[in-house]
Amino acid sequence: YGDPSQKIDYIFKVVLIGDSAVGKSQILARFARNEFSLDSKATIGVEFQTRTLVIEHKSVKAQIWDTAGQERYRAVTSAYYRGAVGAMLVYDITKRQTFDHIPRWLEELRGHADKNIVIILIGNKTDLENQRAVSTDDAKEFAQKEGLFFLETSALEATNVETAFLTVLTEIYNILN
Ligand code: GDP
Ligand code: MG
């Protein structure tokens, strides 16, 4: 997970947003430390975590910001979005309401963030397929209509988490180059 002495070519700030308990902190824990916890407490004190990876032979430090229990409507401050070049918009595939709130999060994001921000819609908890409440097709159609990337993930099983981050980071890199 990265040699701390290596030189950094880029730092990309990416923000995680979405309703409480959809798995944002566990997606980040999986990506940054390859960890997962079933009884995760709300993130305390830590504003972001980083991981350095190589994209097209350049070293890119991903600085991923996690909301610390600010998921109530309009509670996320503009400082959170400032400088962000990527965003991961997360819902829980077993909780319909968390998907129904996505347009609201998208509106808030578009109101605060840079207009060229790269956004990926993420349906998390695919390991709970038997409790699915949001179809893949519905989400795919919404993402297409809004011009978002889309993937379903499981932070628990480590499915597609790496791919989701790589999708966003590679797209950001390609926009800059
Ligand atoms: P946040 O409020 O969006 O940061 O959500 P958390 O990351 O704290 O996760 C909320 C709860 O969902 C915790 O109990 C996690 O262990 C659980 N969780 C997160 N991701 C997954 C997943 O992919 N599958 C399952 N089954 N549970 C998950
Ligand atoms: Mg959290």
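Laboratory data are not the source of any read-out in this text; all were calculated from the coordinates shown. The structure displayed is predicted, hence computed values, not measured ones. All Cβ positions, even for glycine, are placed from backbone atoms using ideal geometry, and neighbour counts span all protein chains on display.
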Using only the alpha-carbon atoms, how far is helix 161-176 inclined from the longest principal axis of the chain? Give it as 0 to 90 degrees, nearest 10. 60
Just to confirm the number: angle between the C-alpha axis of helix 24-33 and the first principal axis of the chain, 0 to 90 degrees, nearest 10? 30
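Tally Lys/Arg at +1 and Asp/Glu at -1 over every other residue whose Cβ is under 12 Å from the Cβ of Lys95; what's the total?
Around Lys95, the surrounding residues sum to 0.
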What ranking of Lys7, Lys13, Lys140, Lys24 emerges when the number of other C-beta atoms within 10 Å of each C-beta is taken as an exposure proxy, fewest first? Lys7, Lys140, Lys13, Lys24
Taking the 0 to 90 degree range and rounding to the nearest ten, how far is the long axis of helix 136-146 tilted relative to the main principal axis of the chain, both from C-alpha atoms? 60
Along the stretch 16-23, Karplus-curve 3J(HN,Hα) (6.51, -1.76, 1.60; θ = phi - 60°) to the nearest Hz, with x for Gly and Pro, reads 9, 9, x, 4, 5, 6, 7, x
To make sure I understand the rule: partners must be lysines, Cα under 19 Å from the Cα of Lys125, and not fewer than 8 residues away in the same chain. Which ones qualify? Lys24, Lys41, Lys95, Lys140
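If packing is taken as the mean number of other Cβ atoms within 10 Å per residue, what is the order of 143-155, 49-61, highest first?
The densest-packed peptide leads the list: 143-155, 49-61.
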Taking every other residue with Cβ under 12 Å from the Cβ of Ala139 and scoring Lys and Arg +1, Asp and Glu -1, one gets -3
Going through the stretch 54-111, which chymotrypsin sites (Phe, Trp or Tyr not before Pro) have at most 10 other Cβ atoms within 10 Å and a DSSP loop state? Tyr73
Tell me which residues come under 5 Å, amide H to amide H, from Ala84 once H is placed; ignore anything under 5 positions away on its chain. Asp114
Cα shape, the chain, gyration tensor, a/c 1.5 rule: rounded
